[in-house]
Amino acid sequence: MPTSLAKSALIPVYLLTGYLGSGKTTLLASWMREAELAASALIINEVGEVGLDQHVLRGVTEDAALVANACICCTGLPGLEQALADLFWARLQRKMLPYNAVVIETTGLADPLPIVALFKTDALLRERYRLAGIVTVLSATSGIPVLAQYPEAVSQVGASNLVIISKTDLAPAGDVAALKDIVSGLNPGAGLATSAKASFPARAMLEMLQKTPTFVASEESVETIQSHDHDSDRAHAHEHAHHGAQTQFFPLPTPLTRKIFWAQLERWIQKHRSSLLRIKGLVRISDGSLVTVQWSLGDTQAEMALFSTQADAVLDCQTGLTVIIKKVFGKDEFLPDDFSDNSGIGRL
């Protein structure tokens, strides 16, 4: 396919970003059920060796690729290139249903700039795809302190065509208004919308993207692909140090008693709240049900939601919790017994 191919013939790609716990996966699950994105392929990026989002989104699309245990703004860039290439050739060879767009959900720690630059530097991506819009989700409950503390969140907002402030039903109106002002100051050209309980529709999102200019990678952002420190992001067993954060997976292979597990998890969150960025995972309960467990910045307590009532459902998933904390170099934030038998959580 020649590089002069009309822009309209290129496959549109929508990049969905947002800091840890912003609510982007919940919003995406809603969008993928709508007609506007129902025929889209999906690429999910998660840090940590065991992902949750691909299981959550499995019910809304079968055309999903996972780039796990690496952030696609640095060590995961080759994985993203390969995932997009694989999707294109599978589509061309009719090994999958035709898709009319691709949605990429990044990890909450990703800086969008190297990803944007990738669409400018990679030959296949340049000839087959076009970056049609960058959407950043920002939680109304934690957006103000997140933008004040984490440069990745600022970069996500700065590169966006559209910023959606989520969870507005859980935050005071004054906080939402203040967050809007901050976002407008960081990126006055971006569209700005609000969403309560993942109610912002895909149709409105696509319409707003058409009204805002597409982000164009500068020469400086293109150079970040070469200058980004890849060696600092090497994963090793059960731990991943990345962007000032440390990710660790705690397997919980046996069914747990809901009430006792919940009480101990809440005590553990209180103990580590000053260091925690995110908790998410799948846990098997002693009644045979499978539940999702999630906690993020701004949450007053963890959330448990029914995922499956069948004891043999989702046989390929590994039950346990992925925990992301602020990285303190030279110090182990997690004691070895935090989720071991000594804590009681692993043997309920």
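The values are calculated or read from the model by the stated rules, or taken from the named source; none is laboratory data. Not measured: the values here are computed from a predicted model. Glycine also receives a Cβ, built like all others from the backbone with ideal geometry; neighbour counts cover every protein chain displayed.
What number of residues in segment 243-275 are at negative phi and not in a helix (DSSP H, G or I)?
Here is the first cut: in segment 243-275, the residues at negative phi are 245-275.
Next, from what is left, pick out any that are not in a helix (DSSP H, G or I): 245-257, 273-275.
Qualifying residue count for the region: 16.
Please identify the pairs in which a residue from segment 80-107 that is assigned by TED's automatic domain parsing to the domain that holds residue 26 has its Cβ atom under 7 Å from the Cβ atom of a residue that is of a type in the set (Lys, Arg), counting only partners at least 6 apart or on another chain.
The qualifying pairs are 88/128; 98/91; 99/91; 105/24.
I need a count of the residues in segment 114-140 that are outside any helix (DSSP H, G or I) and not small (Gly, Ala, Ser). So that I can check it myself, show each step before the final result.
The initial filter retains those residues of segment 114-140 that are outside any helix (DSSP H, G or I), namely 122, 129-140.
Subset that is not small (Gly, Ala, Ser): 122, 129-131, 134-138.
So the count comes out to 9.
Within segment 185-199, can you find the residues that are modelled with pLDDT under 95 and of a type in the set (S, T, N, Q)?
187, 199
Can we say residue 181 is farther than 22 Å from residue 43 by Cβ, among the acidic types (Asp, Glu) and outside the structural domain of residue 297 (by TED's automatic domain parsing)?
Judged against the criteria, residue 181 is a match.
Would you check if residue 241 is surrounded by 13 or more Cβ atoms within 10 Å (Cβ to Cβ), of a type in the set (Gly, Ala, Ser) and at pLDDT below 95? Spell out the reasoning first.
On the way: surrounded by 13 or more Cβ atoms within 10 Å (Cβ to Cβ): yes; of a type in the set (Gly, Ala, Ser): yes; at pLDDT below 95: yes.
Yes.
Is it the case that some residue within segment 212-219 is assigned to a helix (DSSP H, G or I), in the same structural domain as residue 100 (by TED's automatic domain parsing), among the hydrophobic types (A, V, I, L, M, F, W, C) and surrounded by 19 or more Cβ atoms within 10 Å (Cβ to Cβ)?
Going through segment 212-219, the residues assigned to a helix (DSSP H, G or I) turn out to be 219.
Imposing the further condition that a residue be in the same structural domain as residue 100 (by TED's automatic domain parsing) reduces the set to 219.
Still in the running and among the hydrophobic types (A, V, I, L, M, F, W, C): none.
No, segment 212-219 contains no residue that is assigned to a helix (DSSP H, G or I), in the same structural domain as residue 100 (by TED's automatic domain parsing), among the hydrophobic types (A, V, I, L, M, F, W, C) and surrounded by 19 or more Cβ atoms within 10 Å (Cβ to Cβ).
Would you pick out the residues in segment 276-300 that are part of a loop (DSSP other than H, G, I, E, B) and touching a residue at least 12 places away in the same chain (Cβ under 8 Å)? Spell out how you get there, then give the answer.
From segment 276-300, those part of a loop (DSSP other than H, G, I, E, B) are 286-289, 297-300; that's our starting set.
Matches in segment 276-300: 286, 287, 288, 289, 297, 298, 299.
Within segment 141-169, track down each residue that is assigned to a helix (DSSP H, G or I), aliphatic (A, V, I, L, M) and free of Cβ contacts under 8 Å to residues at least 60 places away in the same chain.
Step one: of segment 141-169, the residues assigned to a helix (DSSP H, G or I) are 143-149, 151-158, 168-169.
Still in the running and aliphatic (A, V, I, L, M): 144, 146-148, 153-154, 157.
Scanning segment 141-169 gives 144, 147, 148, 154, 157.
Is it fair to say residue 128 is modelled with pLDDT under 85 and at negative phi?
Details: modelled with pLDDT under 85: no; at negative phi: yes.
So residue 128 fails the test.
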